[in-house]
Amino acid sequence: MTAPQRGNPLPHSRAHRIDSLTDNYGRQITYLRLAITDRCNLRCRYCMPLCGVDFVPHAEMLSFEELERLVRLLSALGLSKIRITGGEPFARRDCLPFMWRLQGMDTVSSLHITTNGVKTLRYLDELAALGIAGINLSLDTLDRNRFQQISRRDHLAEVLATLDGCIVRRLPLKINAVVLEDTTDAEILALAELPERHPLCLRFIEKMPFSGTPDVRPQTNRSLRDRLHHLFPAMLPLVTGVPATARLYAIPGFAGTIGLIEGNSRRFCATCNKIRITPTGMLKTCLYDNGVLDLKAMLRSNAADHEITAAVRAVVSHRYRDGLATEANCRRATPPTMASIGG
Ligand code: SAM
Ligand code: SF4
């Protein structure tokens, strides 16, 4: 065996991982989603209730220093893929300086962001300079009135400017489109013109029950997968071989791909490799749990690094098999908003 060459080091995750984090079903956890704020400049109806939400006081949110400490500890356990999300990440001041500090950690191998694109255009050059591994841009429709109806705000023009900015800069781009009860085939086909013309992935997402309103239960009369097969009869499944939330499809003649995220049907739990930290520092090992570890309490009571790591290992070794089991065991009268979880 030859020694690694200078300038050609081992991948970070291999070089620095102390001991990987594996759950009680043998799923290795390699992906951390950090929701850095619950604030947002949109009010998407599937994510927040019409009456609005009480945002958590700033002092209740993890500081960037606290978040950095958690990323340092968790990335050392092999969670080398980090996604910054929210709320809207750019609604929190100094999001980018924070991202630079994460990017500087040798245990972080890829840094991603999910954004609604309203204020993102001005940050694209810096995201490119940072070496962002992926931008997920949320865009449910290309129609201004419909955008306003869904997001309760009139900001489609800004989001489309961000979309163009990403394309022009050739940034690694995915588009997240939540399919609602009243999303029409025409809307889906209009969105699909984006991957037809550009090398990006358009992911259609099943609506999940996180609008913060108890009465909104996703209605799926016909599976989204069947619907996409009907609309795109030539689409062919792509086998990626890596754990993925989205099923990916190629369509002959398309520059990009189409994806399907069956978050409500929970079809990807068997390979789930991710955990989440909410803005208030609750660790979630499943989107459908109520938070299984209060990291903020540990951080603010001066817990040692090894105590935090041990507590994370303990909750990861008690995961439910899938989101259906989690939901059945963690019912709540009022579901949370997705903005308070991070999507
Ligand atoms: N504000 C940013 C954005 O919208 O991209 C990041 C946070 S948002 C909570 C993350 C993702 O969750 C978005 O792509 C959004 O469409 C998705 N999302 C929010 N509520 C959802 C729901 N009820 N069902 C499915 N996806 C949802
Ligand atoms: Fe804001 Fe994103 Fe939720 Fe829409 S989905 S309200 S943009 S956090």
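Quick note: the coordinates plus some simple rules give every number you see, no bench work behind them. Note that the structure is predicted; figures quoted are calculated from it, not measured. FYI the Cβ positions are ideal-geometry reconstructions off the backbone, even for glycines, and counts take in every protein chain you see.
Full extension of the chain between residue 321 and residue 145 yields a length gain of 59.3 nm, computed as 0.36 nm times the residue separation minus the alpha carbon distance.
Ranked for footprinting exposure by Cβ neighbours inside 10 Å, fewest first, 272, 330 give 330, 272. Model label points for residue 314 and residue 330, set 7 angstrom from Cα along the Cα-to-Cβ axis, are 1.8 nm apart. With a Förster radius of 45 Å, plug the Cβ-Cβ distance of residue 24 and residue 59 into 1/(1 + (r/R0)^6) and report the FRET value to the nearest 0.05. Plugging the Cβ-Cβ distance into 1/(1 + (r/R0)^6) gives 0.80. In a simple Cβ point-charge model (Lys, Arg +1; Asp, Glu -1; nothing else charged), the chain has a dipole of about 460 debye relative to its Cα centre. Measuring nothing but how far apart in sequence close Cα pairs (under 8 Å, 6+ apart) lie, relative to its length, region 31-341 scores a relative contact order of 21 percent. Candidates 29, 141, 233 compared by Cα position along the dipole of the chain: farthest toward the positive end lies 29, with charges placed on Cβ. For residue 250 and residue 129, the difference between the fully extended length at 0.36 nm per residue and the C-alpha to C-alpha distance is 40.6 nm.
For region 31-341, the pair-distance distribution built from all alpha carbon pairs, in bins 20 Å wide starting at 0, is 32, 61, 6 percent. Straight-line cross-link partners of residue 207 among the lysines, defined as a Cα under 22 Å from its Cα and at least 8 positions apart when in the same chain: 174, 274, 284. So if R0 is 25 Å, what FRET efficiency would residue 181 and residue 270 give, r being the distance between their Cβ atoms, rounded to the nearest 0.05? Using R0 = 25 Å, I get an efficiency of 0.35. For residue 294 and residue 94, a Förster radius of 22 Å and the Cβ-Cβ distance give a FRET efficiency of 0.35, rounded to the nearest 0.05.
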